[in-house]
1. Report, ordered by the first and then the second residue, all pairs with beta carbons closer than 9 Å, sequence separation of six or more or different chains, a first member in the stretch 7-26 that is within 16 Å of Gly79 (Cβ to Cβ), and a second member that is open to solvent by less than 60 Å² (accessible area, probe 1.4 Å) and among the hydroxyl-bearing types (Ser, Thr, Tyr).
2. Please go through the stretch 255-269 and give me each residue that is exposed (fewer than 12 other Cβ atoms within 10 Å of the Cβ) and within 11 Å of Leu299 (Cβ to Cβ), ordered by number.
3. Tell me which of these Leu496 doesn't satisfy, since it passes every other one: (1) surrounded by 21 or more Cβ atoms within 10 Å (Cβ to Cβ); (2) closer than 15 Å to Ala255 by Cβ.
4. Given (1) open to solvent by less than 10 Å² (accessible area, probe 1.4 Å); (2) within 25 Å of Met466 (Cα to Cα), where does Pro96 come up short, assuming only one miss?
5. Please determine whether any residue of the stretch 496-508 is within 30 Å of His78 (Cα to Cα) and either at pLDDT below 85 or touching a Leu at 6+ places or on another chain (Cβ under 7 Å) (or both).
6. Only one residue in Lys167, Lys124 is more than 19 Å from Ala258 (Cβ to Cβ), open to solvent by 10 Å² or more (accessible area, probe 1.4 Å) and at pLDDT below 95, so which one is that?
7. Tell me, which residue of the stretch 270-298 that is touching an Asp or Glu at 6+ places or on another chain (Cβ under 7 Å) and open to solvent by less than 20 Å² (accessible area, probe 1.4 Å) is farthest from Ala142 (Cα to Cα)?
8. Could you count how many residues in the stretch 182-212 are buried (at least 24 other Cβ atoms within 10 Å of the Cβ) and part of a strand (DSSP E or B)?
Amino acid sequence: MSTKESDYREVIKVGSRKSELALIQTRHVISLLQKLYPNVKFEIHTMTTMGDRVLGISLPKIGEKSLFTKDLEDALEHGGVDFVVHSLKDLPTQLPTGMAVGAILERDDARDALVLNNKFIGSKLSTLPKGSLIGTSSLRRAAQLSRYYSHLNICDIRGNLNTRLAKLDAPASKFAGIILAHAGLVRMGWLKRVDQVLEPSDLLYAVGQGALAVECRANDTFVLDLLSKLCDIKTQCRILVERSFLKTLGGGCSAPVAVNTVLNEIPNSLNGEYSLDVDGAVWSLNGDTEIKNNISCNLIFEAESPKSDPGPVKRQKLSAGEDVSAEVIDESPYKLDMEDLVTIHGKMCPKDGAVKKCPGECESKCDRKFDLSKFKIGQDFMGQCPILNTEQKVSFSADCEPKEDVPCTACPFTEKEKHEIPDEAYEKCPFLKQQREKDDKPVEMIDYEEKAKQDTSEKKSLIAGMKEVTLYCGLFCHTESLRHIFEKCENLGIELAQKLIDNNALEVMKVAQDEIHAKA
């Protein structure tokens, strides 16, 4: 750690919304930091935000751009918490003075997903009956659905993921389906609820969607140094272009704006050169008007730049090796044919204690049974598992029946009555540790709002009088050698936005905002 010894803190207070997904994301970030800094203790301070409290009004009508962040940022300013974990798409492009995005983690799937009511299972957006009602709280999704799927009706739906799914599944539900972020469903372990993953050609996604951001005070060198180890440079580049694009347009929740960014290594490149391609678009509320354009540039990630996949925090994938072994036995309560495993695992075939990729089919037909419960698997958490990633999970529970070929995402060790949890599983997974005795939890949960009621001391700002820090759409640059890349990405977003502005994008957005205010 490069910070001064005097700056060392034994306890780091982490702010989080109270929703299940927010806590999952916060615990995920803490788990990565615990691996890097085992001597640091973390506390989670939970609080509600305006976006959580006001559920009877659609997000655009509220008109506040910091719906899900302002309360958390207030706690940051006054030292109530040391950093906050956000879904990046909720974080405005203009942060309050003194705040910075200290880390952006490797991006998960940025695409949207369709979740259907049981009556419509097997359908896709294009095949749903005319007049089917689709729920979404996003103007971006609503505008694109209206344009590309005009046979559907769109209705606003609010609440956290649990609430929206409950509204969809209610016996008298009016919804045929709802559109949600695919990454959120995966993080919640609800991959089996996904009926259709929507490609960017179906729906462009929101700026920052699928990525996690960690916000802290821009003058907190200790926390910034901690967070620097979590940064993923390739994700940062994509996000910076997207946020720069949105910031230049001046949009947010009150405008239908969307993007698609792709960063690929250029074949046969000798100097680590990548191509960054970006699509950006603006729509009218009803989707009739679309202003869309694209732009690209090349980036070279120099050798001295931080790696995008720092070893201690990189997600571990299923791979062959001495530490990845599985006993093949004849009798087990959970038996799967090898052909079934190949189908479910996408041609990843566990066999004889090793893992091999099969070219289309298994090279040899294997009639033995494979007991996955013998894997040394820890808690499945946002794809964070020592052996299997989320897409490679299978059903270990009799009451968990996958839809079609989509597996359940349950971890075999989470059902204590059915599986004995070995000590090594606890060692590998910080979240299984939390399932032990309540007084042995490594991360303490504190209700920030209740604590604030008891705290009568005068609040003092920890950012008052701080020196100005150069940020890139809120992003803190940890390495000087990256500044030219950040500047290039920021300028690329500005250039793309200007292309749309030259085609009257601002006028379209203003009309949309006027319509929203008129309906309020």
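The values are calculated or read from the model by the stated rules, or taken from the named source; none is laboratory data. Given the structure is predicted, the values throughout are model-derived calculations rather than measurements. Reconstructed Cβ throughout: ideal geometry from the backbone, glycine too, with neighbour counts over all protein chains shown. Calculation scope for accessible area: heavy atoms of the full protein, side chains included, ligands and nucleic acids excluded. Shrake-Rupley method; radii C 1.70, N 1.55, O 1.52, S 1.80 Å.
1. Qualifying pairs under 9 Å: Ile12/Tyr37; Lys13/Tyr448; Val14/Thr26; Gly15/Thr26; Gly15/Thr46; Gly15/Tyr448.
2. Scanning the stretch 255-269 gives a single hit, Asn264.
3. Only one criterion in (1) surrounded by 21 or more Cβ atoms within 10 Å (Cβ to Cβ); (2) closer than 15 Å to Ala255 by Cβ is unmet by Leu496, namely (2).
4. If we test Pro96 against (1) open to solvent by less than 10 Å² (accessible area, probe 1.4 Å); (2) within 25 Å of Met466 (Cα to Cα), just (1) comes out false.
5. Taking the stretch 496-508 as the starting set, the residues that turn out to be within 30 Å of His78 (Cα to Cα) are none.
There is no residue in the stretch 496-508 that is within 30 Å of His78 (Cα to Cα) and either at pLDDT below 85 or touching a Leu at 6+ places or on another chain (Cβ under 7 Å) (or both).
6. Values: Lys124 fails: at pLDDT below 95.
Only one candidate qualifies: Lys167.
7. The qualifying residue farthest from Ala142 (Cα to Cα) is Ile295.
8. The number of residues fulfilling the criteria is 2.
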